[in-house]
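Note sheet for the following structure.
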Amino acid sequence: MPEIRRRWALPDTIAPGWLVVQVFGTLIVAATLLTAREGTPLVWVLYGTAAGCWLAFVALDPRRPARAAAFLAAATLVSAAALGPAADSSAVILTCIFLARFAALAAPPVTVIMVTTGVAIVLAILGQDTLADASEQAVLLLAVALIGVNHRQHVVQARQAELLLEQTRRTLAVQARAAALDERTRIAREIHDVLAHSLGALGVQLELAQAVLEERRDVPGAIDTIARARRLAGEGLAEARNAVAALRQDVPTLSDALGGLARTHEDDHRSPVRFERSGPPRPLSSAATVSLLATARESLTNAAKHAPGAPVHLELAFTADRVRLRVANALTGGPPGTPGFGLTGMRERLALAGGALTCGREGERWLVTAEVPE
């Protein structure tokens, strides 16, 4: 039953309000003229002129509201001029209809409406024989005008609300488009940051391999360089995937990711890892994030290789203009030799991202420090 009721329910608005007023106003005007008992030709001339102005108003409104309002004002004044010589109340009915409709229009200013009302009242007063009749006509026309102006306020407010709603819709559309452009720019920037330093490091290794083959004819060295380039390509692919996941907001923050690396290293290598963070955390670019994560991962791998079982200290510091990552592990034997391809690759990646990497012995521990700017 509810579906049937909704299906056969009439709409809230069958026809525009102005059209209803125009139709009923025309019917009342026609009925008033047909029932008028008037023998003076001048009055019929005024009635015909007023009716013609009304029909012109109906034909022009709402396509040309200013011109239509002018015709309706003329109809009001012409019918008001017939109040004195008219033999019955037909002139009063016509004047009230025309004045009420004119006062309710939104096109003419309120000043024009009040002036027209004042002129109509003066014409009505001049046509009366007694003061009582003049006062009655003046009060009636003033009341009709005030009722029309009150309705006009609601019409104007409704139109202003429609304009405001349309402006709000346009503003929201512009804001949505601007937000989409900003998001596209951000995605392009993040992907560029990741791919630029990954592909840049890969290009450096391929150029080095080409130089080794062309200048030195060092096949083993070229093979090592190509192997390194292959490793960099794999790492770059992983970083690109991490960047895409970061854009989808499916990955944790840098602090959470480093904490996860620390726990995984403890579980896999049975080595205690202490992770600390200092300074207020803030978002970083994808290039800086994946570079620091890769540095931490490589440093933990080297610590497990060169100092198995030794405790590791992982520290992330947010300073005023930089983010610093420090990975330190105790030395269980002699210091590591020349840094391998892993840390060297990380140094190149950090350099392409605007950062730097240093590593070396500090007292009885081996320290790797990576910094990236804001």
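The values are calculated or read from the model by the stated rules, or taken from the named source; none is laboratory data. Owing to the predicted nature of the structure, the values given are computational and were not obtained by experimental measurement. Heads up, the Cβs are rebuilt from the backbone with ideal geometry, glycines too, and the neighbour counts pull from every protein chain shown. Areas reflect the complete protein model, heavy atoms only, side chains present, ligands, DNA and RNA absent. Shrake-Rupley method; radii C 1.70, N 1.55, O 1.52, S 1.80 Å.
Can you find even one residue in region 108-127 that is of a type in the set (V, I, T), surrounded by fewer than 14 Cβ atoms within 10 Å (Cβ to Cβ) and under 40 Å from the mean Cα position of the chain (by Cα)? There is at least one residue in region 108-127 that is of a type in the set (V, I, T), surrounded by fewer than 14 Cβ atoms within 10 Å (Cβ to Cβ) and under 40 Å from the mean Cα position of the chain (by Cα).
Within region 200-217, residues that are farther than 18 Å from A287 by Cβ reach partners that are modelled with pLDDT of 75 or more and open to solvent by 40 Å² or more (accessible area, probe 1.4 Å) with beta carbons closer than 8 Å, at six or more positions or on different chains, in the pairs Q205/I226; L206/I226; A209/I226; V212/D218; L213/V219.
Taking region 137-165 as the range and being over 28 Å from the mean Cα position of the chain (by Cα) and among the small types (G, A, S) as the test, the residues that pass are A138, A143, A145, G148. Just one residue in the set R347, R324 is open to solvent by 60 Å² or more (accessible area, probe 1.4 Å) and modelled with pLDDT of 85 or more; that residue is R324.
Is there a residue being at pLDDT below 85, in a loop (DSSP other than H, G, I, E, B) and either of a type in the set (S, T, Y) or open to solvent by less than 40 Å² (accessible area, probe 1.4 Å) (or both) anywhere in region 355-368? Taking every residue of region 355-368 in turn, none turns out to be at pLDDT below 85, in a loop (DSSP other than H, G, I, E, B) and either of a type in the set (S, T, Y) or open to solvent by less than 40 Å² (accessible area, probe 1.4 Å) (or both).
For region 128-143, give me each residue that is of a type outside the set (A, V, I, L, M, F, W, C), surrounded by fewer than 16 Cβ atoms within 10 Å (Cβ to Cβ) and in a helix (DSSP H, G or I). Those that are of a type outside the set (A, V, I, L, M, F, W, C), surrounded by fewer than 16 Cβ atoms within 10 Å (Cβ to Cβ) and in a helix (DSSP H, G or I): D133, S135, E136.
Conditions (1) under 15 Å from I97 (Cα atoms); (2) crowded, with 17+ Cβ neighbours inside 10 Å; (3) among the hydroxyl-bearing types (S, T, Y), marked per residue:
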residue	(1), (2), (3)
G25	yes, yes, no
V29	yes, yes, no
L34	no, no, no
R37	no, no, no
V45	no, no, no
L55	yes, no, no
D61	no, yes, no
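In this entry, A176 is excluded by the filter for residues that are farther than 25 Å from C53 by Cα, touching a helix residue (DSSP H, G or I) at 6+ places or on another chain (Cβ under 9 Å) and at pLDDT below 90. Residues that are touching a His at 6+ places or on another chain (Cβ under 8 Å) and surrounded by fewer than 14 Cβ atoms within 10 Å (Cβ to Cβ) within region 265-281 comprise R274, E276, listed in sequence order.
Close Cβ contacts (under 8 Å, 6 or more residues apart or on different chains) running from residues in region 259-278 that are under 17 Å from L316 (Cα atoms) to residues that are exposed (fewer than 12 other Cβ atoms within 10 Å of the Cβ) and among the hydroxyl-bearing types (S, T, Y) are absent. Restricting attention to region 300-321, the residues that are part of a loop (DSSP other than H, G, I, E, B) and open to solvent by 20 Å² or more (accessible area, probe 1.4 Å) total 6. Evaluate region 63-71: report whether one residue or more is surrounded by 20 or more Cβ atoms within 10 Å (Cβ to Cβ) and in contact (Cβ under 8 Å) with a residue 60 or more places away in the chain. The answer is no; no qualifying residue exists. One residue alone among L146, L83, L99 is in contact with a helix residue (DSSP H, G or I) (Cβ under 9 Å, 6 or more places away or on another chain), modelled with pLDDT of 90 or more and open to solvent by less than 70 Å² (accessible area, probe 1.4 Å), and that residue is L99. Among the residues of region 56-100, those that are closer than 21 Å to I125 by Cα and under 45 Å from the mean Cα position of the chain (by Cα) comprise L72, A100.
Listed conditions (1) of a type in the set (G, A, S); (2) in contact (Cβ under 8 Å) with a residue 24 or more places away in the chain; (3) under 21 Å from A134 (Cα atoms) are all met by A107, apart from (3).
Residues checked against (1) among the aromatic types (F, W, Y); (2) over 20 Å from the mean Cα position of the chain (by Cα); (3) modelled with pLDDT of 75 or more; (4) open to solvent by less than 90 Å² (accessible area, probe 1.4 Å):
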{"residue": "I187", "(1), (2), (3), (4)": "no, no, no, yes"}
{"residue": "H192", "(1), (2), (3), (4)": "no, yes, no, no"}
{"residue": "R217", "(1), (2), (3), (4)": "no, yes, yes, no"}
{"residue": "G221", "(1), (2), (3), (4)": "no, yes, yes, yes"}
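Tell me, please, whether a residue that is under 18 Å from S291 (Cβ atoms), modelled with pLDDT of 70 or more, out of contact with any strand residue (DSSP E or B) (no Cβ under 6 Å at 6 or more places or on another chain) and open to solvent by 30 Å² or more (accessible area, probe 1.4 Å) can be found in region 245-256. Yes: one or more hits.
Say whether the condition of being at pLDDT 85 or above, in a helix (DSSP H, G or I) and either out of contact with any Cys (no Cβ under 9 Å at 6 or more places or on another chain) or open to solvent by 70 Å² or more (accessible area, probe 1.4 Å) (or both) is met by at least one residue in region 284-292. Yes, the conditions are met somewhere in region 284-292.
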